[in-house]
Structure formats: C-alpha cells, structure tokens
Amino acid sequence: MEERKAEVDNKNVEELTDLQKEKIEKLIEEEEGVTRKVGGIWNWVITILAISMSIFSIFTTIRPVTTQIVRGIHVAFLLALSFLYYPMSKKYKNRVTAFDVVLSCLGVLCILYMLIDFEEFIYRAVTPEKWDRIFGVLFILLVLEATRRSSGWIMPLTCLIFLVYAYIGPLLPSPWTHRGYDVDRIIGHMFMTLEGIFGVPIDVSSTIIIMFCIFGAFLSVSGAGKFYVDIAFTAMGNKPTAAGRSVVATSYFLAMASGSGVANTVAIGSVAYPMLKKAGYDKDNAGGFLAAGGMGAITTPPVMGAAAFLIAEFLRMSYVDVILLAIIPAALYYWGLLLMVEFDAKKFGLKAVQYEKKQTVSQLIKAYGFHFFPLIAIVVFLVRGFTPNISVLAAVLTCFLGSFIRKETRFTLSKTIVALREGSITVLNVAAICASAGIIVGTVSLTGLGLKLSSIIIGYAGGSVIITAIFAGVILWVIGLAVPITATYIIAAVIVAPALTKLGVPEYAAHMFIFYYALLSEVSPPTALSPFAAAAITGGDPYKTTMMAWKYAITAFLLPFIFVVLPSGRALLLHWEGISMAEGIVTIITAFLGIGLLASGCSGWLLKKSNTLERLITIIGALSFVYPSQWGDVIGIVSLIVVILMQRMRKSD
C-alpha cells in the first residue's frame, strides 16, 4: 500500500543507474525507516515469521476467528517482525542485536499475556491490576518504538502528546480542559479494550490491508506489473503524446494492483522517463508528471490506499460503496492528466518517440492476458457482495492459478515463499502506523477532544461551511507535512471530520474530503515521496518537481470543495440527495468540461499558447463549470467561447 514504498522490486528499477537507486533508497529510508539487509539464520527467521503472518491472515479470512484474537495476533507478528526487520539505527542495518531480539520477544509476550487469560483480561479494563499495568506500559512503549523505527519520530511524539493530554486534562485552560484520567484508566483504555491500540485502524490492518498487500505481492512476483507496463506502452503508438499517454495508462493499471504512489512512480519512471526526455519534457515537468501519475494509485478503484479501507470501517459501509464514491473523482483525475499530456505535446513541441515493440497488443494479450483475471476477479466478487478480504483472497487464488498458464510465470515453491514473505513485510509500516494511531483515536474517544476541536474550528470559521472546509484543508496539509497519508486520514477522521458533519455535510462527503486532502502529504515536502523519488530518477530539482506535481494533480484538490460545500456537487460521489438524476448527470458532464478547461489553464495552451489574460479567463471558466449551477455553466461556456475567439483572432507568437 501507499505507506510501504520502500520495497521496490529490482525488476522495476532495472533501468535506473546505481546513483539513482541510491538516492531513492536514501529518500525512502528517511521517511519510512531503514530496513535490515541480513542473511543466514536471521533472514530465515524473518522469512518464517512473515510467511506465518500471511498464512494466518489467509486462514482468518477463510475461517472467522474472534476479533480480539485476530487483532492481537496481528500485532504480535507486527512487533516480532518490526524489531528484527527495522534496525534501531543505520549503524545496525547489517546485523540483528540481542536488544532487538529481546524487544521482539517482549512484543509477543505482551500479546500472550493478553490472550492466555482473555475472558478475565477484558473485564479488568477499568480497574487494571499490577501486571496489567506493567504489560500495558511495556506494550505502548513497544508499539511507539516499532512505529519510530518504521516511520520516524513524528508519529510516536504525536502519540505521546495525546497521552499527556489525556492525563493533564484538569490543568488545561478552556476549551481544552477535561476531567483527566489516571495512568490506570489510560492503560486500560489503550491496551485492554477495542477503543485504543486494538481499535478500528488495527482492525482494518489485520483483515483488509494485509490481504491487499499479499495480493500486490503475488501480482508483482507473477510478472503482472511488467505486463501492464508493456501493454500500455505498446498500445499508445508513436505519436508525440505517446510517452505521456503511456504514463497515464500505466499508472492506472499499476494503481489497481498496488495502491502505492511512490512504488508506481519508480516503476513507471524507470521505463517512461527516457521516453519523456526524448519526447522533449524537461526534468521538472517530467518528474512532476510521473509523481502525479503515481499518486493516482491512491485514488483509483478497485485497489486504493489504506485510508480507503478505513473510510469503509469508520462509516460502517461496504468497500463497494467507497469504490462508488471514488469512481467519478478518479476518472476526473485521469481525465485532467490525459488532457495535460495533449496540451503539453503542443506547448513543448514534443516529438514522436519510437518504443521498441517486441510484440503487438494482441500478441501480448494472447500470451499474458491472464494477468487481467485477478483484477476482474476482485471487482466481480466485490460487486457480488463478498467482503473485501474474501474478494482479494479470490483474486490471489486467481493470480496463483492463472500463473500456470505459462511456464515462465507459474508459481514455484520459491516464488510462493517470496510472495507470502513480501505480503507481510509490505504491511509492517502501515500496520505500525495503524497501531500507534489507535492511541490517538483512543485519546479522542476518551476525552471528547474531537467535539472540542470541531467546535473551535466552526467558531473560527463563523459557522461557514466553505471557511470550515478551507480550515480543514489547511489542517490536513499541516498534519500531512509530518505524517504519512494513513496517519493523516486517521487523525483528521477524529478531529476534523466532526466539524464538517456538525455543519450538515454528510459523513461520506466529509470523509472523502479528508481522504483527498490527506493525499497532500504524497506531493508536499517534507513527505513528498513521489515527487522526490521522481526527481531522483529525472535528476531534476525536488522542489520544482513537487510544484509541477501540484500542477498535474490539481484536480484532486479542487473537487473535494465541490462535494463538501455544494449539495448538488455530491453527484460527483454518485449521491443524488436533493437533486434529480438528470441534474446529477449534468453536474458530472460539466465537471469533466471544467477539468478540461482547468488542464488548459494550468498548461497554458488551448488552440495555441495562451497569454496571461487567456489563462485567467480559462481558469475562471473551469471553476465555473465545476461549480454545479446554471449560472456557472453559462459563465463556463462564455469563457470558453471568448478564449477560442481571442486565440483565433490573435497572431501566433
């Protein structure tokens, strides 16, 4: 998923230089923790634990197990693996220390303590005993240390601030004050109930996210990723726009398989950047375009980022409903990208690039078309009403069985071991974030902080929905500067979403708003992993590349305001409250027109290169089209006509 980007398969970066690989690895290590490179017995121990974690997840998907036990064993595997796989510091990246082994064993011991006397244990949450307190404190510290190793200091420090807030409530000034909770109550809430560390985030991680990680690992090992890249580049021909179109198509296919922004950016960039460079893209524009294409991974059904699964759990809706919410925004996002490719081809005077085609599209599909079967399977099972984890298990089995169609793709024992191992290794980062985020969610539920913050936000906004949405966007941007997307979404879900819902915004719209604005962390420094990874590939300036990524990804930041502020705008989420079906369809069509004009305004090209005034009119028209009203449509049409007439009457520069 989007949080586990460090594992970039060598076959996806085979065309990168050693220096580029080193830059990407260093960048990811700074954001997501250093990983160990060990062999011998410790490699076997990590492999056995990881395979066991994957097998346990598959087993609990097939045969239901008590919720608390599933979450507990998931966290036990998480802690056992994290301390062996992530070193305490770079100094120890090539060896496992005795201290790591002790921490790993203590993590398992904490869970064993919880499970051995489980029936009595859960009833002592309000009045924990001596050993409950000891294991509770130890467990919280282990979770924070695992998160620090895999994600850096910011998330653990944030959790500690929330824990302190829960303790010192009576000492705080209004409106932050609350009754305050002693250490016993805090430990009981965080360690012994389903409201803290074992709450909703770790529930989603233990049932859905890990299964999608296993699915992604099986697709990767089967060679599906290479097939998606080959068919996209082969299908786009040799026109000046072919390189850009190939990036859009490839990012969409890989997005459905991985849900990881930076992994897609690197996988696509290693193949596409030489073509983009030959076509005429400069380093910063090419990098921004690659990053924006990679970011689409987190918004694209059927496999979206981890936050999408959390939306389903927080709102108690099916994952199919979340997919329906995301379909039109995802289509608009890729529509905007595709049109920018067309305008860029004119603006930069791009050249046609020959792509070496070893096979035609029909030959590729005939030989390797079975790689589409897992994606079809997951959609079919979801639509038929199966749970996400059952659906993805069906997709994993389809991938496994389909691989036997060709000798070179079939799953041997060694390939199966690699896939099962990588599925669990990939989930460690996001699982650690989910576990520590449970501390934040638990503090909010214990102290009522969410309602306090929502009242404060609404107060500063004067009760205005649009100003509240702007404040929410800024808060999400600030949070996203420090923590990854999943953590940003979880924090915002409990402290920002209530402010929007208090003002009458439906819960689904509020959560989709914070989902999209949590994506800012993907393209915003210092956690702008996708643009920085793209810059490492292109050799461009990381911050200029980030600004270009903002240009290409602007659709993702405009649409949320439409469906939050305007009831008719919720047609973009396929909800028709208060409007007719016809009005909703018109809203969707005009949104596509608006995004088209926005792409023109951002690129600076319509029929020819646009001057400043023409770009301004184009952007005004774009915003008017996207705004769902008759007057907005009129202004949009008039703006489009005016710019066309101005460009036809103006001599070429």
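For this structure, a couple of remarks:
- All of (1) touching a residue at least 60 places away in the same chain (Cβ under 8 Å); (2) under 30 Å from G287 (Cα atoms) hold for F372 with one exception: (1).
- Residue within region 172-182 that is closer than 21 Å to A435 by Cβ, surrounded by 17 or more Cβ atoms within 10 Å (Cβ to Cβ) and out of contact with any Cys (no Cβ under 6 Å at 6 or more places or on another chain) present: yes
- Residues that are open to solvent by 10 Å² or more (accessible area, probe 1.4 Å) and modelled with pLDDT of 90 or more within region 219-234 comprise just one, V221.
- Region 575-586, residues that are hydrophobic (A, V, I, L, M, F, W, C), open to solvent by 60 Å² or more (accessible area, probe 1.4 Å) and either touching a residue at least 60 places away in the same chain (Cβ under 8 Å) or in a loop (DSSP other than H, G, I, E, B) (or both): W576
- Residues of region 640-653 satisfying the condition of being touching a helix residue (DSSP H, G or I) at 6+ places or on another chain (Cβ under 7 Å) and open to solvent by 10 Å² or more (accessible area, probe 1.4 Å): L640, V642, M646
- Pair list, Cβ under 7 Å, 6 or more apart: region 150-176 residue over 30 Å from D100 (Cα atoms), other residue loosely packed, with under 12 Cβ neighbours inside 10 Å: G169/R179; P170/R179
- Filtering A435, A461 for residues that are within 22 Å of I73 (Cβ to Cβ) and either more than 20 Å from the chain's Cα centre (by Cα) or buried (at least 17 other Cβ atoms within 10 Å of the Cβ) (or both) leaves a single hit, A435.
- Number of positions in region 521-542 that are within 15 Å of the chain's Cα centre (by Cα) and either open to solvent by 10 Å² or more (accessible area, probe 1.4 Å) or farther than 22 Å from A312 by Cβ (or both): 7
- Residues considered: V75, V101. Of these, the only one that is open to solvent by less than 50 Å² (accessible area, probe 1.4 Å) and either at pLDDT below 65 or over 28 Å from the mean Cα position of the chain (by Cα) (or both) is V101.
- Contact map, region 96-113: first residue closer than 14 Å to V45 by Cα, second residue open to solvent by 20 Å² or more (accessible area, probe 1.4 Å) and not hydroxyl-bearing (S, T, Y), Cβ cut-off under 6 Å, separation 6 or more or different chains; pairs are V96/W42.
- Selection from region 392-430 of residues that are among the aromatic types (F, W, Y), touching a residue at least 24 places away in the same chain (Cβ under 8 Å) and surrounded by fewer than 19 Cβ atoms within 10 Å (Cβ to Cβ): F400
- Residue in region 438-452 that is more than 25 Å from L144 (Cβ to Cβ), part of a helix (DSSP H, G or I) and open to solvent by less than 50 Å² (accessible area, probe 1.4 Å) present: no
The values are calculated or read from the model by the stated rules, or taken from the named source; none is laboratory data. Source: prediction; values computed, not measured. Heads up, the Cβs are rebuilt from the backbone with ideal geometry, glycines too, and the neighbour counts pull from every protein chain shown. The area values use the complete protein model at the heavy-atom level, side chains included, leaving out ligands, DNA and RNA. Shrake-Rupley method; radii C 1.70, N 1.55, O 1.52, S 1.80 Å.
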